[in-house]
Amino acid sequence: MKKSVLTVAGVAALGAMAVSAGAATLDTVKGRGKLICGVSLATPGFAAPDDKGRMTGFDADICRSIAVAVFGDGDKVDFVPTNINTRFQAVQSGEVDVLSRQTTLTYTREASLGLDFGPTVFYDGQGLMVAKSLGVASAKELQDAAICTLPGTTTAQNLSDFFRTLGAKFELVVFESPDENRAAFFGGRCQAISSDRSDLASIRAVANNPDDYILLPETISKEPLAPAVRQNDSAWRDIVSWSVWMLMAAEEKGITQANVDEKLKSEDPEIQRMLGVTDELGPMLGLDKKWGYNIIKSVGNYGEVFERNMGQGTRLGMTRGPNTQWNAGGLLYAPPIR
Amino acid sequence: MTLFYDKRFRAWFYQFCAVGIVLIAGWLMFATVSDNLAKQNIATGFGYLDRQAGFIISETTIPYQETDTIGRALLVGIANTVKVSLLAAILGTIIGLLVGIGRMSRNPLLQRLMLSYVEALRNVPLLLYLFLWYAILLVALPPVKEALELAPHVYLSNSGLVLPSLTFEKGAVFLRWAVILGIIAAFFIRRTALHRRVETGQPNHGGLVAFFALVGPVLALVLLGGVAITWEVPEAGRFRITGGLHIRPEFVALLVGLSLSVSASVAEIVRAGIQAINKGQWEAAAALGLQRGRVMRLVILPQALRLMVPPLTNIYLTVFKNSSLAIAIGYPDLVMVSNTVMNQTGQAIETIAIFMAVYLGLSVAISLFMNWYNGRVALTER
């Protein structure tokens, strides 16, 4: 009897304690001395530990850029692998400061999940991959096929929509874990596997013989991948956004990890502002004066981040596609830094 | 103040306080959560259940299509969970009974074999077995293009087993009633026959009559032409075999995994139940001239059953909850559908609340049923 009363009191206290983490994220991060960044569960190219245990990948480098902007040090970041179903709760509850996890920016997510998205870091689209031996050239031929996928709106629903408009039926096999999903596809349970094209490239890279598989040409949805932060903390969102834009602007201006010291002497006024040579732009966001220089020095520019993690030289072997600069016909368009 | 020294009043007072604190704590938690969600601009409420689901579920126990509501999709998940746990409980109990009796065999080979069966299944996590059965199904069976044709129109491949299915053109309702009627009639005939046999001590043909009562109505209906059926025959499409009845490997792997895990636990309960019966019962039955098999069936098992019912309740509750491991191997149970819904709507708290309520409700229902059954078979002691 006494025991149960005590338990109840404990539960009540816990309930009262669970108040919202409403403090400004920048202060929290600075106070902690570390950025906590939510990333994917081992997805080569986006976020996966290398053989030394260091987290590498495109999403991981986005996290590093933000950490560099805040601390001037790309190692001051803790990576938290997040599950596809609990990733938004991780941001909402303040468990992670930013979610950089191949997450598609959609209306419902921004409007109803208590989230704000930063700029699109990767323009992706959902595709389908099949074994070459299947002899299929188009997704439209996949009538009645079994398709393996992970649970989630933007995959399961897009497939349903795509085949519904064709008036075709298909069998959907949904797996919770990416490993089981891959295993079922490679094991022949499904004729096709569907996910974002970048993710498919990542899956293909781990096949015994990647050349046995092809991505079908159709892109059945738009998937702009963007980092997400908690809603109503504009100062923090600004820092995330401009860290991303700094990567893009650096590529546009031809500043690389290698030549950034040289560029300090550049006559271009925008480069001078970006690198903190003139004007004190950093402190406006509560950052160091040389935040831009620091990002490029330790992470590189957008193109370098892309090529290092998923470009032609890697197992993923992806081309830039729409992820090229606006003046080269792509979609990357960083607002002016002035 | 003297009131407080009254034992009864004090007991009531404490109970009242405890309940009050529980209610206040519950309300506080609820209020805090809703308040925080509102502060963070996260949508709340159960209105999303009426929105269109928009995703397909390949394995459905009740009719469903992607234009149905999210609430309906969750119902499909519940039906799938109930289907697989119910079948696993039944299959597991039958296998477990046989294994448990085998454990008590006087043949050392059989006894050791059953022992290793039980130990191997009980001492490895079920999740690993599910991965194992599923992997075996995928690897051992040929891809769908080289599907084995076991019998005409019966195909086996790593996409599952496809059988011709029955559709009723007419008489489906009559047939259902004929079956129900048959079962009821057979039940009562058998009971009366047994009763008479106990009273008179004379054997009678109650079993045979009951059997005819069981199949009679159905047979009559079919012979009189009250039922017309057509077979839907599966056809090999370009990628898949379509049409007919499709038993998927995800379902089979889950059913096998759950059934075997149940059977190992049931076997131990059966063994314990049998061993708990006094040796004198064996000897008395043997003295009457009964053979060992009949002693087991007529004397020992009926007595052991009463002892077995309470622990069996536990096993059935466990299998029902363990069915949520389905998510690992792609069987669309309640948890899997809930996950997709959560991902789509972002309303995790409500969806988790629903599936917890469903598990709780069904678990309590199983417990109540087993307690009722236990009350019926338990020895009435005065």
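Under 8 Å for C-alpha pairs, at least 6 residues apart: give me the relative contact order for the range B:169-232, rounded to a whole percent.
Working: 58 pairs, mean separation 34.2, N = 64.
Here the relative contact order equals 53 percent.
Could you check what % of the DSSP bridge pairs in the protein assembly as shown are antiparallel, to the nearest 5?
About 75 percent, rounded to the nearest 5.
Let's test the formula: R0 of 60 Å, r as the Cβ-Cβ distance of A:ALA328 and B:VAL179. What FRET efficiency results, to the nearest 0.05?
Plugging the Cβ-Cβ distance into 1/(1 + (r/R0)^6) gives 0.25.
Can you run the Rg to Rh ratio on the range B:169-232? Use alpha carbon positions and the Kirkwood inverse-distance Rh.
Answer for the range B:169-232: 1.18.
What is the gain in length, in nm to one decimal, between A:LYS222 and A:ARG32 on full extension, counting 0.36 nm per residue of separation less the C-alpha to C-alpha distance?
Working: separation 190, 0.36 × 190 = 68.40 nm, distance 3.68 nm.
Between A:LYS222 and A:ARG32, full extension yields 64.7 nm more.
What ratio of Cα Rg to 2.2 N^0.38 Å holds for the range A:173-228?
Scaled against compact globular proteins, the figure is 1.19.
Using the count of nearby Cβ atoms within 10 Å as a rough guide to exposure, how do B:LEU214, A:LEU225, A:LEU134, B:LEU223 rank from fewest to most?
Least to most surrounded, the residues fall as B:LEU223, A:LEU134, B:LEU214, A:LEU225.
Considering only Cα-Cα distances, which of the following residue pairs are longer than 21 Å: A:LYS34/A:LYS297; A:LYS169/B:LYS321; B:LYS83/B:LYS321?
Too far apart for the 21 Å limit: A:LYS169/B:LYS321.
Output needed: Cys residues of the protein assembly as shown lacking any neighbouring Cys C-beta below 4.7 Å, sorted by number.
B:CYS17
For the range B:90-231, what is the convex hull (Cα atoms) projected area averaged across all directions, in square nanometres?
Convex hull of Cα atoms, orientation-averaged projection: 14.7 nm².
Would you mind checking which residues have amide H under 5 Å from A:VAL77's amide H? H placed 1.01 Å from N; only 5 or more apart, or other chain.
Long-range HN contacts for A:VAL77: A:LEU35.
Taking the number of other C-beta atoms within 10 Å as the exposure measure, put B:TYR316, A:TYR302, B:TYR14, B:TYR129 in order starting with the fewest. The partial results should precede the final answer.
On the way: B:TYR316 23, A:TYR302 29, B:TYR14 13, B:TYR129 19.
Ranked by crowding around the Cβ, least crowded first: B:TYR14, B:TYR129, B:TYR316, A:TYR302.
Please work out how much length the chain gains when fully extended from B:ILE247 to B:THR69, using 0.36 nm per residue of separation minus the C-alpha to C-alpha distance, in nm with one decimal.
Length gained, B:ILE247 through B:THR69: 61.5 nm.
Order of A:ARG64, A:ARG308, B:ARG112, B:ARG8 from fewest to most other C-beta atoms within 10 Å? Present the calculation step by step, with values, prior to reporting the outcome.
Values: A:ARG64 27, A:ARG308 17, B:ARG112 12, B:ARG8 7.
Final ranking by Cβ density, sparse to dense: B:ARG8, B:ARG112, A:ARG308, A:ARG64.
Give, in whole angstrom and from largest to smallest, the semi-axes √(5λ) of the equivalent ellipsoid of the range A:126-221, with λ running over the eigenvalues of the Cα gyration tensor.
19, 15, 12
Quick one: Cα centre-to-centre distance for the range B:230-288 and the range B:184-198, in angstrom?
28
Please list, in chain and number order, the residues 5+ apart from A:LEU115 or on another chain whose amide H is under 5 Å from its amide H, with Hs placed from the backbone.
The list, which skips near neighbours in sequence, is A:GLN231.
Which three numbers, in whole Å and largest first, are the semi-axes of the equivalent ellipsoid of chain A derived from its Cα gyration tensor as √(5λ)?
They are 35, 30, 17 Å, listed from largest to smallest.
Under a crude label model (7 Å from the Cα following the beta-carbon direction), how far is B:THR60 from B:ARG238 in nanometres?
It works out to 2.4 nm between the two label points.
Just add up the charged neighbours of A:ALA258: K/R +1, D/E -1, any other residue whose Cβ is under 12 Å from the Cβ of A:ALA258.
Numbers: positive: A:LYS263, A:LYS297; negative: A:ASP261, A:GLU262, A:GLU304.
In short, -1.
Could I have the simple spin-label model distance between A:THR314 and B:VAL198, label points 7 Å from Cα toward Cβ, reported in nm to one decimal?
Placing both labels 7 Å along Cα→Cβ, they lie 7.6 nm apart.
Work out the FRET efficiency for B:ALA228 and B:ASP6 from their Cβ-Cβ distance, taking R0 = 56 Å, and round it to the nearest 0.05.
Between B:ALA228 and B:ASP6 the formula returns 0.15.
Could you please report the charge total around A:ASP27, scoring K, R as +1 and D, E as -1 over all other residues with beta-carbon less than 15 angstrom from its beta-carbon? Present the calculation step by step, with values, prior to reporting the outcome.
Values: positive: A:LYS30, A:ARG32, A:LYS34, A:ARG230, A:ARG237; negative: A:ASP97, A:ASP233, A:ASP238.
Residues near A:ASP27 contribute +2 overall.
Once you put a point 7 Å from the Cα of A:GLU307 and another 7 Å from the Cα of B:ALA365, both along the Cβ direction, what distance in nm separates them?
6.3
Report, to one decimal in Å, the Kirkwood hydrodynamic radius for the protein assembly as shown based on all distinct Cα pairs. Don't skip to the answer; put the middle values down first.
Numbers: mean 1/r = 0.0329 Å⁻¹.
With all distinct Cα pairs of the protein assembly as shown included, I get 30.4 Å.
Since every read-out is calculated from the coordinates, none of them should be taken as a lab result. The shown structure was predicted, so the numbers you read here are calculated from the model rather than taken from an experiment. For neighbour counting, all protein chains shown are included, and Cβ atoms are generated from backbone atoms with ideal geometry for every residue, glycine included.
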